[in-house]
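The values are calculated or read from the model by the stated rules, or taken from the named source; none is laboratory data. All values derive from a computational prediction rather than experimental measurement. Cβ placement follows ideal geometry from the backbone for every residue including glycine, while neighbour counts extend to all protein chains displayed. Surface areas here come from the heavy atoms of the whole protein model, side chains and all, with no ligands, DNA or RNA. Shrake-Rupley method; radii C 1.70, N 1.55, O 1.52, S 1.80 Å.
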Amino acid sequence: SETSKRAVSCYEAVILKAEGKVNPEVFSQLGHFNLLLEDYPKALSAYQRYFNLQPDYWKVSFIYLFIYLFTLLAGKAIKAFQDVLYIDPGFSRAKEIHLRLGLMFKVNTDYESSMKHFHLALIDSTLCTLSKAEIVKLKALVSRSVQRKFRAAKEAYEQLLLTENLPPQVKATTLQQLGWMHHTVEPQADKGSKDGYAIQCLQKAVEIDPNSGQSWYYLGRCFSSIGKVQDAFISYRQSIDKSEASADTWCSIGVLYQQQNQPMDALQAYICAVQLDHSHSAAWMDLGTLYESNAQPHDAIKCYVNATRGKACLNTSALMQRIKLLQAQLCNPQPQQNKSKMLPSIEEAWSLPIPAELTSRQEALNATQAPQKPVLCHVTDCHFLLKGLLKGPCSHWAGSNGEPASCTASSSASSLSPTSPQITPTHLSSPPHAATTSGVLTKDAAPSAGKSPNAPDHTPSQGLANHIQQKCRSDPGSPPTPDNRPLSAPLKEKTHSTTIDGTNNHRGSSFEKVNNVHPGLHRADATGSLPSLNSPPHYDNQGVTMTGMTSPLRVEPPAGAHKRSVSSRLAACSSVSIHPSSSDVLKACRNLSKNGLSMSSILLDRCPPPRPPRAPSPPLPKDKLNPPTPSIYVGTNRTPSSPPLHQFCTNPANPITVIRGLAGALKLDLGLFSTKTLVEANPDHLVEVRTQLAQPTDENWDPSGSRKMWRCESSRSHTTIIKYAQYQASSFQESLREENEKKKELESEAGSSDSATRHRKGSFKHIKFGTNIDLSDEKKWKLQLQELSKLPAFSRVVSAGNLLSHVGHTILGMNTVQLYMKVPGSRTPGHQENNNFCSVNINIGPGDCEWFAVPEPYWGVINNFCEKNNINFLMGSWWPNLEELYETNVPVYRFIQRPGDLVWLNTGTVHWVQAIGWCNNIAWNLGPLTAHQYKLAVERYEWNKLQSVKSIVPMIHLSWNMARNIKVSDRRLFEMIKYCLLRTLKQCQTQRDSLLAAGKELVWHGRSQNEPAHYCSVCEVEVFDLLFVTSESNSRKTYVVHCQDCACRGSPNLDNFVVLEQYRIADLMQVYDQFTLVSSTH
């Protein structure tokens, strides 16, 4: 360590003498040595300075894996981990990354992603901090969470406790999670025995590991739930002693004080919570409740506004109603009582004694325990992280040790009535809450945001329940400014305006510069102790506040450097030479030394990992947020196949187009797709069924009908066409009966003011939606498919101008027709089409469908909403809240699709659909031969790779087929395709050279006609040309394909793999050389 200290001193001296003209590598080295010294704030500052000065900052983003976790940015840590796997799929510690991603996704209740990363960790043969058996246990627990098998999860925990020689930390955390799961999700036990068992487990956990703040916190929650106030308070104080920087624990202490009618103590506890985490929605909401119950509406409004800005706030709409009600009360003030008992205002509360006393005590504690490591609250155990990631064979930081850190999260529920004019002191009981099973590996694991991973998917039906996510902070700093945007809010990011036209769709953006920190600048409170409530915000020498810091992986270089945006990645192709011949390319590859990265991206070398776009700027005015849907009426005297119609539909300025009257103009026999005809043709054909709740088209409520939400739940099953047809018919008959009954009820309840509320709550019935019915078999559905040949060429399933017709094999539901059979309320949740391709949808009738659509440039905003609600944008099921979209200036197209109407969904448009009558629909995807379509398809291909999601369209395979099959006159499209060929040709040659140098033989395999593109059976990335198949599957001719990275993880020397060659390099060179830009006049 002395050597590292001397090195830090030397580098700091160099920086001071350089007077601003410093080689960026100096800051990188300074960050490394500070990391070794475990001086994380200084390391963070140095790395940020390096990234500001280094154009290719993103190529070393693995450094941020450690920094993000140590600064509580759990969400940023996930992005940093994903960046590493994207930039370098062969990273030596990839197994550790997959393990931690599995844990973090599990905490976020994204079980599908969690399962995938645990699986990827399992197949990796490299050493890991966990044994294979422990990872198998984790995966099994997540699997049971996915299947809602909580009893099985409990048995797995209990079985783990019986394991011989179980490490004490693992045993303590297993007891912790077992107790908390029993407290929150045990469905059949009575409350007394349930809480008794939970308390017993948690008490054993703190006996084994008395330093676990998380276990103490859970114990306090259990005591509080059964009314043992003193025991709960003692447990909370113990939790604070072990992990002081826990905003959630302070929030729960405030709830306890408020329950005991000690408003001043509750106020100070809540202030501690929001000081530690400015975006702690539950604490702001409870603080607002406290002020409102004390007749201080001004302060209550400020707190509620801050609550709505927190990422974990799931009650924004109800809170806004509450705010409006309080504002209305202020306009008609009532004589106030109990003025002598008024609480200090929100501005004055930051100077109250309890937070200051706690800060002083913690600073004194740190001073007396100098050898103790900084306590930093984050989602995983620091010691666990460092052991796994800093001691890899290729690590520059081997030998660094970190002490376990702690993390807590909680929730509180405020029973607020959005309509009552006054509110009494609220009994703030704790709802069923988050329990994580990741704790079997970490000392203090954060509970999930919103619900327990092992809990039923429900929330309390009363009041505004706050389900709190783990919050992150960079620096506690000073209190928010209630009248302005608080420091808790994310820093605003400047955006440039978006232009959508036929040639450009670039969304440039600039980021606020972050943290050019002087090497000597270091604050004591950044080590994890509670800072003074009166301390000013921390500014660096550039005058930029550290609070609410944006992601360093997204920090832009100083003005004048390249600005990066996911939508502009391919636009820079013109700066890369694509003119050398294939021989020159391969010669350059042979002379190119490996730089340590195995980038398989088909984007530019200099492009950082993809990111969602910012919302276009300037924002649209409110009167433009409901734009009219572009519609074309086709009469019998007009030609529906005219070029202007094609151009109108594919114009990026038109996100969605309705072509009305098309079926009549073309004399399409839609009766061929009616339920009656389908039953006659193939009654036993398979139908996938989604069981859903029937709801209003513009709303999405939880099953109890008490809270709007984004998550759109459904269960999956299968049936046949004839059985679903019977259900469709019986549903119609039942609806007629219900309609008559409702008329009678409405007449009798006409004078009841709360009838609407009673009907809404708990009145949703289950319906069945027949979806994804495959009509690709030309023998079974010959008449139906022939009828679709009447459509205009640009909208047909197969045509020369359709990119998907050049894939060379079937992609079910994309270049084949799918059918949907619906009853009223059947929902297709929000999504973009696979790889951002266009789509055609025809309503067969007899009922209508209602559509909602958002232009492609706004998908980043919707992605942020999904993240806020703990939903996977790509793989999850969600139904947007229109009020929230309008509040963030997102335009929404809304229209009715009638029988015979064709909806053209343009490239990348976000949409969601609900049937409002009994109807059938048919749909398929299309890929117009345009630069805009190809660009967005490639961008989504890379985004999918970053998110570990399979791309249904194999863009590399498709690009080579396009080079073989079509002549391109559009220069932008040509350059993008050519560059993709260049990248893959380079990769193919590099792979060959490395394999031959290692003595690995390539076995010629070739390709058969209509052979599908290949994907890695492990990570699901596209595998082009060289297929790594297991020796066993090769001998059986079953060909279980792996990518090179996954093959090397399973067998470092590839001893158990055979490498099959599908293309001769000479053939690829010929295709590359012959693909040239043709004149548009030809």
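Scanning the stretch 1029-1046 for any residue that is aromatic (Phe, Trp, Tyr), more than 31 Å from the chain's Cα centre (by Cα) and either buried (at least 20 other Cβ atoms within 10 Å of the Cβ) or assigned to a strand (DSSP E or B) (or both) turns up nothing.
The set of residues from the stretch 938-968 being in contact with a strand residue (DSSP E or B) (Cβ under 9 Å, 6 or more places away or on another chain), open to solvent by less than 20 Å² (accessible area, probe 1.4 Å) and outside any strand (DSSP E or B) comprises Tyr941, Ser951, Val953, Pro954, Met955, Ile956, His957, Met962.
Looking at the stretch 297-314, is at least one residue touching a Gly at 6+ places or on another chain (Cβ under 9 Å), modelled with pLDDT under 80 and aliphatic (A, V, I, L, M)? The answer is yes; a qualifying residue exists.
Among the residues making up the stretch 89-106, a single one is more than 17 Å from Val949 (Cβ to Cβ), open to solvent by 10 Å² or more (accessible area, probe 1.4 Å) and assigned to a helix (DSSP H, G or I): Lys95.
Contact annotation: residue pairs with Cβ atoms under 7 Å, 6 or more positions apart or on different chains, pairing a residue in the stretch 266-285 that is on the phi < 0 side of the Ramachandran plot and small (Gly, Ala, Ser) with a partner that is open to solvent by 10 Å² or more (accessible area, probe 1.4 Å) and in a loop (DSSP other than H, G, I, E, B), are Ser279/Arg309; Ser279/Lys311; Ser279/Lys471; Ser279/Ser488.
Which pairs have Cβ atoms under 9 Å, sit 6 or more apart or on different chains, and link a residue in the stretch 707-722 that is assigned to a strand (DSSP E or B) to one that is among the small types (Gly, Ala, Ser) and modelled with pLDDT under 90? That search, which allows pairs on different chains as well, returns Lys708/Ser317; Lys708/Ala318; Arg711/Gly450. Look at (1) surrounded by fewer than 20 Cβ atoms within 10 Å (Cβ to Cβ); (2) under 21 Å from Ile844 (Cβ atoms) and you find that Thr675 fails only one, number (1). Output the number of residues of the stretch 627-650 satisfying the condition of being open to solvent by 30 Å² or more (accessible area, probe 1.4 Å), modelled with pLDDT under 95 and assigned to a loop (DSSP other than H, G, I, E, B). Within the stretch 627-650, residues that are open to solvent by 30 Å² or more (accessible area, probe 1.4 Å), modelled with pLDDT under 95 and assigned to a loop (DSSP other than H, G, I, E, B) number 6. Just checking, does the stretch 86-108 include any residue being more than 24 Å from Pro1052 (Cα to Cα) and hydroxyl-bearing (Ser, Thr, Tyr)? No: the stretch 86-108 contains no residue that is more than 24 Å from Pro1052 (Cα to Cα) and hydroxyl-bearing (Ser, Thr, Tyr).
Conditions tested, residue by residue: (1) at pLDDT 95 or above; (2) surrounded by 20 or more Cβ atoms within 10 Å (Cβ to Cβ); (3) in a helix (DSSP H, G or I).
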position	(1), (2), (3)
Pro880	yes, yes, no
Tyr886	yes, no, yes
Val890	yes, yes, no
Phe895	yes, no, no
Val903	yes, yes, no
Thr907	yes, yes, no
Val913	yes, yes, no
Asn920	yes, yes, no
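Just so you know, in the stretch 269-297 the residues that are open to solvent by 10 Å² or more (accessible area, probe 1.4 Å) and assigned to a helix (DSSP H, G or I) include one that is farthest from Thr308 (Cα to Cα), and it is Ser293. All told, Ser235 falls short of being open to solvent by less than 10 Å² (accessible area, probe 1.4 Å), small (Gly, Ala, Ser) and at pLDDT below 85. Pro824 passes every criterion in (1) touching a Gly at 6+ places or on another chain (Cβ under 8 Å); (2) assigned to a helix (DSSP H, G or I); (3) not aliphatic (A, V, I, L, M) apart from (2). Against the list (1) of a type in the set (Val, Ile, Thr); (2) within 21 Å of Ser252 (Cα to Cα); (3) at pLDDT below 85, the condition Thr174 fails is (2).
One residue stands out among those in the stretch 797-827 that are surrounded by fewer than 22 Cβ atoms within 10 Å (Cβ to Cβ) and of a type in the set (Ser, Thr, Tyr): the one that is farthest from the chain's Cα centre (by Cα), which is Ser799.
For the stretch 1047-1069, the tally of residues that are open to solvent by 60 Å² or more (accessible area, probe 1.4 Å), within 25 Å of Met962 (Cα to Cα) and touching a residue at least 40 places away in the same chain (Cβ under 8 Å) stands at 0.
Any idea which residue in the stretch 995-1013 is nearest to Val1040 (Cα to Cα), counting only those that are aliphatic (A, V, I, L, M) and part of a loop (DSSP other than H, G, I, E, B)? Result: Ala1013.
Does Arg144 fit the bill of being modelled with pLDDT under 75 and assigned to a loop (DSSP other than H, G, I, E, B)? When the stated conditions are applied, Arg144 does not pass them.
Can you pull out every residue in the stretch 1005-1028 that is on the phi < 0 side of the Ramachandran plot and either of a type in the set (A, V, I, L, M) or over 33 Å from the mean Cα position of the chain (by Cα) (or both)?
We begin by selecting, within the stretch 1005-1028, every residue on the phi < 0 side of the Ramachandran plot; these are 1005, 1007-1009, 1011-1019, 1021-1024, 1026-1028.
Across the stretch 1005-1028, the qualifying residues are His1005, Arg1007, Ser1008, Gln1009, Glu1011, Ala1013, Val1018, Val1021, Val1023, Leu1026, Leu1027.
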